[in-house]
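Peer 1: Let me give you the structure first, and then I'll get to my questions.
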């Protein structure tokens, strides 16, 4: 139940009669106070006003409340129950994330890998009706999480990702092929892979162009994201004194990423900082919308019976009391 509504709300304006009745009653009480002049009035000075004398005002209170309730009855109060019938048709999406050592570069805050995990988490949370999976790759690739609607589990597995979990390198073709294998048998109306990398394909047995052709065969759209600033960026380098950061040229194979996107009917995006990465995911979110049909139903139930009965009881009480207990006072 969502609340009380009125079928004839204009009748509620009649409630203005109630304060007018009260004002008239108070005015009448002052006007009808009589004075008695007679010899020997002092003999009545000690007589006390009885409690019954004060209770006589109950008659007016009953009458006023009954009038207010009858006005509410005329306005026809109704309780409204609302129901929603929601049908959803989600999209299957596999996030394919590069976790090579270069993803620790500091041109993003705090680094590329953490920035990509944070933005991907927001993307997952904003699509509750879609099945999503997660593939990670560097020198090789594997499935971190298969397609699932349990986004809490997916997000937890995403947060556990660290660079160095698998052999270093950038096997874009292998990462894409693993993602295709996870989504190719899906019955969803739309199958999507989002592939993010910051480097050039230098490992793996499957060429990126070959993997793109396979994706096209299965009707899978691939959105590719090249992650890295323009020019140079501080990369982690192992030295005798530990990990140090050195400015090195940013190399992204934009040509092959564009080819993958074009072959599969997707799009290529370049993210040069945190804000641009957020914009990229927002753009993909707009391009791939889940189908959600919402139908609303409402049921109204008349609620005038209770105020009508209460008003009748008050009127009956006034009549009975006026002709019994308060008969000599009115």
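Quick note: the coordinates plus some simple rules give every number you see, no bench work behind them. Computed from a prediction, not measured in an experiment: that's the story for all the values here. As a convention, Cβ positions derive from the backbone with ideal geometry for all residues, glycine included, and neighbour counts pool all protein chains shown.
Peer 1: Can you give me the angle between helix 112-125 and the longest principal axis of the chain, using Cα atoms only, in degrees from 0 to 90, rounded to the nearest 10?
Peer 2: 40
Peer 1: With a cut-off of 8 Å between alpha carbons and a minimum separation of six or more residues, what is the relative contact order of the chain in percent?
Peer 2: Computed over the chain, the figure is 23 percent.
Peer 1: Related question: Looking at region 91-289 only, what percent of DSSP beta bridges run antiparallel? Nearest 5 please.
Peer 2: On the way: 13 of 37 bridges.
The answer is about 35 percent antiparallel.
Peer 1: Which of 268, 241, 129 moves most in a GNM of the chain, Cα contacts under 10 Å?
Peer 2: 241
Peer 1: Of the candidates 281, 25, 235, which one comes out as most mobile in a Gaussian network treatment of the chain with C-alpha springs shorter than 10 Å?
Peer 2: Ranking 281, 25, 235 by mean-square fluctuation puts 25 first.
Peer 1: Report the percentage of all Cα-Cα pairs in the chain whose separation exceeds 38 Å, rounded to a whole percent.
Peer 2: The proportion of pairs with Cα distances above 38 Å equals 49 percent.
Peer 1: Now, a different point. Which value at 222 nm does the chain reach when only helices count, each DSSP H run of 4 or more adding -39,500 (n - 2.57), with the total divided by all residues and rounded to the nearest 500 deg cm²/dmol?
Peer 2: The helix contribution divided over the chain gives -12000 deg cm²/dmol.
Peer 1: Suppose the chain between residue 23 and residue 323 were pulled fully straight at 0.36 nm per residue; how much longer would it get relative to their current alpha carbon spacing?
Peer 2: Additional length available on full extension: 105.5 nm.
Peer 1: On to the next question. Taking Rh as the Kirkwood radius, which is the inverse of the mean 1/r over Cα pairs, what is the Rg/Rh value for region 179-227? If you can, show how the numbers build up before the last one.
Peer 2: Working: Rg = 11.5 Å, Rh = 11.7 Å.
On the Cα set of region 179-227, Rg over Rh gives 0.98.
Peer 1: Between residue 310 and residue 246, what is the label-point separation in nm under the 7 Å Cα-to-beta-carbon projection?
Peer 2: 8.4
Peer 1: Could you tell me which of rounded, prolate or oblate describes region 102-176, using a ≥ b ≥ c as the square roots of the eigenvalues of the alpha-carbon gyration tensor, with rounded for a/c under 1.5 and, failing that, prolate when a/b is larger than b/c and oblate otherwise?
Peer 2: Working: a/c = 2.24, a/b = 1.32, b/c = 1.70.
Note, shape of region 102-176 comes out oblate.
Peer 1: Of 238, 187, 230, which is the most mobile in a GNM of the chain whose springs link Cα atoms less than 10 angstrom apart?
Peer 2: 238
Peer 1: Let me ask another. Which of 21, 227 has the fewest other C-beta atoms within 10 Å, and how do the rest follow up to the most?
Peer 2: Exposure proxy ranking, most exposed first: 21, 227.
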